[in-house]
Amino acid sequence: MTPAEAARDLLASAGRRGLTVAVAESLTGGMVSSALVGEPGASAVLVGAVVCYATRLKAQVLGVSQERLEATGPVDGEVARQMVRGVARVLGADGGLATTGVAGPGPSGGHVPGEVYVAAWGPWGTVVDALRLEGDRLGRLGVRQASATAVLRLALAQIQALEKMETQDTT
């Protein structure tokens, strides 16, 4: 599945529920939001996006704990969790998506290329996935594309699970 395909499915599902989303991106550098805005009707769901490539911006813009960033660096599941909640709060959305990690080509801060954390937050709560992508095989672009697809699919899966639970409650 490509980022565009995942974006199309997420927009359709979120749109049916009347949900809005915001995106916080680090290693994907706008790829997630670009996939979303590339689809017709994205403006009904996507509120906006923030690319916080510099570590300091994760704290300054999204409210990620400076202490956490100093202790773990930006490649961390808790950082992704705080990013996703922060972007939804800052942009006033019902839910959010976030990416942080190392695209490569080399390691960064003791983390290997392909070490990525993606997060989705919304009425379902917060879910964080740790990805261990084959950075050497995929290359920088491949890691970024796989990360973008993964976060879109994560949010989609959460919305679909919420829909399924609601359907079961009415039967």
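The values are calculated or read from the model by the stated rules, or taken from the named source; none is laboratory data. Since the structure is predicted, the reported quantities are computational estimates derived from the model, not experimental observations. Backbone-built Cβ (ideal geometry, glycine too); neighbour counts: all protein chains shown. Please note that ligands, DNA and RNA were not included when accessible areas were found on the heavy atoms of the full protein model with its side chains. Shrake-Rupley method; radii C 1.70, N 1.55, O 1.52, S 1.80 Å.
Applying a threshold of 7 Å to beta carbon distances and a minimum spacing of six or more residues, or different chains, the list of pairs starting in the stretch 110-138 at a residue that is within 19 Å of MET83 (Cβ to Cβ) and at pLDDT 95 or above and ending at one that is of a type in the set (Ser, Thr, Tyr) and surrounded by fewer than 24 Cβ atoms within 10 Å (Cβ to Cβ) reads ALA119/THR126. In the set (1) open to solvent by less than 20 Å² (accessible area, probe 1.4 Å); (2) under 10 Å from the mean Cα position of the chain (by Cα), the condition left unmet by ARG153 is number (1).
A quick yes/no check of all residues on (1) part of a loop (DSSP other than H, G, I, E, B); (2) over 15 Å from THR28 (Cβ atoms); (3) not acidic (Asp, Glu):
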{"position": "ARG81", "(1), (2), (3)": "no, yes, yes"}
{"position": "LEU97", "(1), (2), (3)": "no, no, yes"}
{"position": "THR100", "(1), (2), (3)": "no, no, yes"}
{"position": "GLY106", "(1), (2), (3)": "yes, yes, yes"}
{"position": "PRO113", "(1), (2), (3)": "yes, no, yes"}
{"position": "VAL118", "(1), (2), (3)": "no, no, yes"}
{"position": "TRP121", "(1), (2), (3)": "no, yes, yes"}
{"position": "THR126", "(1), (2), (3)": "no, yes, yes"}
{"position": "ASP129", "(1), (2), (3)": "no, no, no"}
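The residues of the stretch 54-70 that are within 21 Å of ALA93 (Cα to Cα) and either open to solvent by 70 Å² or more (accessible area, probe 1.4 Å) or not aliphatic (A, V, I, L, M) (or both), listed by number, are LYS58, GLN60, GLY63, SER65. Does ALA155 meet the test of being part of a helix (DSSP H, G or I), small (Gly, Ala, Ser) and closer than 17 Å to LEU46 by Cα? In short, yes. When SER147 is tested against the conditions (1) closer than 18 Å to ALA7 by Cβ; (2) surrounded by fewer than 18 Cβ atoms within 10 Å (Cβ to Cβ); (3) modelled with pLDDT of 95 or more, the lone failure is (2). Count of the stretch 40-50 residues, restricted to those that are surrounded by 19 or more Cβ atoms within 10 Å (Cβ to Cβ) and under 15 Å from GLY86 (Cα atoms), is 2. Set side by side, the residues VAL37, VAL23 differ, and just one is modelled with pLDDT of 95 or more, open to solvent by 40 Å² or more (accessible area, probe 1.4 Å), touching a strand residue (DSSP E or B) at 6+ places or on another chain (Cβ under 9 Å) and of a type in the set (Val, Ile, Thr), which is VAL37.
When the criteria are applied in full, VAL90 fails the requirement of being closer than 22 Å to VAL61 by Cα, open to solvent by 20 Å² or more (accessible area, probe 1.4 Å) and assigned to a strand (DSSP E or B).
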